[in-house]
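Asker: Below are the structure tokens for one structure; questions will follow.
The values are calculated or read from the model by the stated rules, or taken from the named source; none is laboratory data. Just so it is clear, the structure is predicted and the values come from calculations on it, not from any experiment. Virtual Cβ from ideal backbone geometry, glycine too; neighbours counted across all protein chains shown. Heads up: the accessible areas ignore ligands, DNA and RNA and are worked out on the full protein's heavy atoms, side chains in. Shrake-Rupley method; radii C 1.70, N 1.55, O 1.52, S 1.80 Å.
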Amino acid sequence: MIKSVRSVIPLPLHRHSKPQLSFRTQYRLFNLSKAVMISELCDYKFGPHTIRGQEIFAETKLSFAFVNLKPIVPGHVLISPKRLTQRFSDLNTDEVHDLWTLAQNVGSKLERHYKAESLTLAIQDGPAAGQ
């Protein structure tokens, strides 16, 4: 089944080599200034990767958003819980709510910015899903 699903979704070879949304655009898009970027003081983990505070363009109490370094489409961003867990089901209810609320906020701003008609929101949860 995994092969059939992966055959119809964008593949890594379709990825763009550079982020499509610069950090300057992110700050403007989300009305953020470096002065109010609490994340600048913190680094977070995204799986085995460290996401530096200056790479985060939006955050809430429990989640943060940053640009995918190898985006598949313009506006491709990642949203992650601040607490590192093995699987999505390990998140508590507050973390799930916070994550999806941030996704909704980021998605609506990106949709307006790119004049898009729709969004794709996806979760890769576990090794067989690509994480």
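Asker: Taking residue 118, is it outside any helix (DSSP H, G or I) and open to solvent by 50 Å² or more (accessible area, probe 1.4 Å)? Spell out the reasoning first.
Answerer: Working: outside any helix (DSSP H, G or I): yes; open to solvent by 50 Å² or more (accessible area, probe 1.4 Å): yes.
It is true that residue 118 is outside any helix (DSSP H, G or I) and open to solvent by 50 Å² or more (accessible area, probe 1.4 Å).
Asker: Look through the range 102-115, keep the residues that are exposed (fewer than 14 other Cβ atoms within 10 Å of the Cβ) and assigned to a helix (DSSP H, G or I), and return whichever of them is modelled with the highest pLDDT.
Answerer: Pass one, the range 102-115, residues exposed (fewer than 14 other Cβ atoms within 10 Å of the Cβ): 104, 108, 112, 115.
From the residues that got through so far, the ones that are assigned to a helix (DSSP H, G or I) too are 104, 108, 112.
Working: 104: 96, 108: 93, 112: 92.
Selected residue: 104.
Asker: Tell me which residues, restricted to the range 97-129, are in contact with a Phe, Trp or Tyr (Cβ under 8 Å, 6 or more places away or on another chain) and over 19 Å from residue 55 (Cβ atoms).
Answerer: Of everything in the range 97-129, those that are in contact with a Phe, Trp or Tyr (Cβ under 8 Å, 6 or more places away or on another chain) and over 19 Å from residue 55 (Cβ atoms) turn out to be 123, 125.
Asker: While we're on this one: Can you pull out every residue in the range 44-64 that is out of contact with any Asp or Glu (no Cβ under 7 Å at 6 or more places or on another chain) and either part of a strand (DSSP E or B) or crowded, with 21+ Cβ neighbours inside 10 Å (or both)? If you could, list the steps in order and put the result at the bottom.
Answerer: Narrowing the range 44-64 to residues out of contact with any Asp or Glu (no Cβ under 7 Å at 6 or more places or on another chain): 44-49, 55-59, 64.
Matches in the range 44-64: 44, 45, 46, 49, 56, 57, 58, 59, 64.
Asker: Before we move on, is residue 128 modelled with pLDDT under 95, open to solvent by 50 Å² or more (accessible area, probe 1.4 Å) and among the hydrophobic types (A, V, I, L, M, F, W, C)?
Answerer: Working: modelled with pLDDT under 95: yes; open to solvent by 50 Å² or more (accessible area, probe 1.4 Å): yes; among the hydrophobic types (A, V, I, L, M, F, W, C): yes.
Here the answer is yes, as residue 128 does meet what is asked.
Asker: Moving on to the next point. Count, please, the residues in the range 58-86 that happen to be of a type outside the set (Gly, Ala, Ser) and at pLDDT 90 or above.
Answerer: If we filter the range 58-86 for residues that are of a type outside the set (Gly, Ala, Ser), which is where we start, we get 59-62, 64, 66-74, 76-79, 81-86.
Restricting the remaining residues to those that are at pLDDT 90 or above gives 59-62, 64, 66, 76-79, 81-86.
Of the residues in the range 58-86, 16 are of a type outside the set (Gly, Ala, Ser) and at pLDDT 90 or above.
Asker: Just one of (1) crowded, with 18+ Cβ neighbours inside 10 Å; (2) among the β-branched types (Val, Ile, Thr); (3) more than 15 Å from residue 110 (Cα to Cα) trips up residue 85, so point out which.
Answerer: (1)
Asker: If only one of 90, 94 is surrounded by fewer than 18 Cβ atoms within 10 Å (Cβ to Cβ), at pLDDT 95 or above and under 21 Å from residue 129 (Cα atoms), which one is it? Step through it out loud before you land on a result.
Answerer: Values: 94 fails: under 21 Å from residue 129 (Cα atoms).
Every option except 90 fails the conditions.
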